[in-house]
1. Would you rank K55, K317 by solvent-accessible area, highest first, keeping every protein chain in place and using a 1.4 Å probe?
2. Using only the C-alpha atoms of the stretch 320-478, find the volume of their convex hull and express it per residue in Å³.
3. Can you compute the helix-only [θ] at 222 nm over the chain? Use -39500 (n - 2.57) per DSSP H run of at least 4 residues, normalise by all residues, nearest 500 deg cm²/dmol.
4. Dipole size in debye (nearest 20) for the chain around its Cα centre, Lys and Arg Cβ +1, Asp and Glu Cβ -1?
5. Averaging over every viewing direction, what projected area does the convex hull of the Cα atoms of the stretch 1-153 cover, in nm²?
6. Just the Cα atoms of the stretch 285-326, one point each, no solvent: what log10 I(q)/I(0) does Debye give at q = 0.13, 0.26, 0.30 Å⁻¹?
7. Tell me the angle of helix 161-176 to the major Cα principal axis of the chain, expressed in degrees between 0 and 90 and rounded to the nearest ten.
8. If you average the alpha carbon positions of the stretch 369-423 and of the stretch 134-208, how far apart do those two centres end up, in angstrom?
Amino acid sequence: MLTTVLLLGMFAQAPEYDLVIEKGRVIDPESGLDGVRSVGIKGGKIAAISARRLKGKRVIDASRHVVSPGFIDLHSHGINNISNLYQAHDGVTTALELEAGLPAIQDYLEGRAGKAVLNYGATVSHTALRVAAMKKYAGMPMKNSLSALAIKGRDDSLEDEEEFSRLAYLMEKGLKEGGLGLGVLPAYVPGASRSEFFKVYQMAARWKVPVYTHVRGRGEEGVQEAIANAAGTGASLHIVHLNSSTRGALPWILEMIAGARKRGIDVTTEAYPYTAGSTFIESAIFDEGWQKSMNSSYGDLQWQATGERLTKETFEKYRKQGGIVIQHSMKPEWIRLAMASPFVIVASDTMPYAKGAHPRGGGTFSKVLGEYVRELKVTTLVEALRRMTLLPAQRLEALSPQMKNKGRIRVGADADITVFDPETVKDTGTYETGPQFSRGMAYVIVNGVAVVDEGKTVENVFPGQAIRSVLTSSRKQE
Ligand SMILES: [Zn+2]
């Protein structure tokens with residue numbers, strides 16, 4: 001009796017948290033924690049992790065659910081709230097535009113301040129800024145949009161040293177404004193020579209920022225070029241969507257990346273769990289020869305706006321018009337291989353939201369947890385979570401100290417937390433429906449604020465913060 005009174009007395013004295021998530025299976029890939037705990041949140045931070053019950057203004061019962069660090073998506077072209085809403089329902093708390101990047105970093109980071117559902121950030125777009133550096137296109141407005149992938153000037157080369165130093169100036173300016181590295185897309189810029197890309201890697205090494213790259217051509221030669229540039233400059237490298245970039249060469253390319261990592265080259269990579277890709281039909285991806293090199297053809301192409309499969313005639317019509325196409329051309333065994341690899345980060349390649357857009361924008365992370373972990377057992381739950389949380393955080397944290405407090409369930413870390421039911425979590429969108437809210441995602445919390453609550457959208461909350469680089473002078477090698 002006395003003990004109960006004492007315990008109740010102590011609980012009454014206990015600190016009260018803004019929010020408590022209790023009875024859930026807490027998994028923290030960094031520390032290896034995997035057990036039922038109560039998590040106390042205060043002031044947007046994780047303030048307590050305890051085997052005992054905690055007192056909270058609100059208490060969420062997470063029985064039979066997993067309590068994970070929020071998912072960090074390194075590859076999202078969804079730079080607005082409607083796109084991020086579908087990602088939130090897929091467990092994502094941080095969505096970054098690192099592949100293509102953006103030309104106007106300050107505009108982007110300040111423009112979304114206090115208005116963003118998820119944490120957000122971007123790399124500096126080499127594809128757009130090289131055009132801005134060309135005398136020929138002087139004064140051409142630089143918009144923060146994905147259409148930079150098909151930008152005018154992609155077939156032009158930088159003419160001289162003056163244009164190069166202007167490019168270097170513009171890219172450094174973007175990094176100082178908070179850009180998270182350089183977004184470099186050889187596959188979309190046929191006008192850029194191999195030496196231009198080598199010089200870009202030299203710049204990245206000088207500023208000690210990573211290069212995020214959609215490699216040249218149709219696969220393996222592009223990965224070899226990127227790794228050679230990284231080795232020859234000391235630049236850190238992240239190869240995006242390894243599945244669609246290397247296709248059938250994936251098995252030995254994974255071996256090559258593993259070998260490079262073992263020998264000290266800082267190279268990371270990612271993949272999304274779908275057998276179709278998506279991009280602009282007018283971009284260099286569909287320049288002359290695409291069918292042969294991708295072993296694909298018109299019928300594999302699905303027009304986003306109508307869902308129709310293309311023919312030679314409609315391909316040529318839409319190629320002139322421009323727009324987004326979904327390309328069905330990868331094999332399931334390639335995806336299984338990527339999802340089984342211990343160093344392949346899960347990243348969605350989310351397209352800007354549209355009704356018929358690629359479903360990866362709403363189902364990537366749930367698909368991995370439902371199909372590749374629960375059903376196919378290609379990898380384990382803890383492993384999959386590590387590659388959705390800790391690994392992407394570690395890719396960024398050298399340049400962005402904020403990321404040291406993300407991707408973890410640890411006292412002092414940001415309260416970016418995803419609570420899901422491992423028995424029911426599943427992606428629901430298809431190539432017909434487009435992105436849909438995933439099933440089994442119960443709570444998604446960003447900086448201590450729920451944006452998904454009991455599976456439902458919480459309206460009018462914008463807890464997302466800008467993720468910035470810190471480009472210190474000491475970072476700059478002379
Ligand atoms: Zn890409």
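The values are calculated or read from the model by the stated rules, or taken from the named source; none is laboratory data. The shown structure was predicted, so the numbers you read here are calculated from the model rather than taken from an experiment. Using ideal geometry, Cβ is built from the backbone for each residue, glycine included, and neighbour counts are taken over all protein chains shown. Accessible surface is based on the protein model in full, side chains and every heavy atom, while ligands, DNA and RNA are left aside. Shrake-Rupley method; radii C 1.70, N 1.55, O 1.52, S 1.80 Å.
1. K317, K55
2. 190 Å³
3. The helix-only estimate for the chain comes to -8500 deg cm²/dmol at 222 nm.
4. 860 debye
5. The Cα convex hull of the stretch 1-153, projected and averaged over all directions, gives 12.2 nm².
6. Debye output, listed in q order: -0.23, -0.96, -1.23.
7. The angle comes out near 10 degrees.
8. Comparing the Cα centres of the stretch 369-423 and the stretch 134-208, I get a distance of 32 Å.
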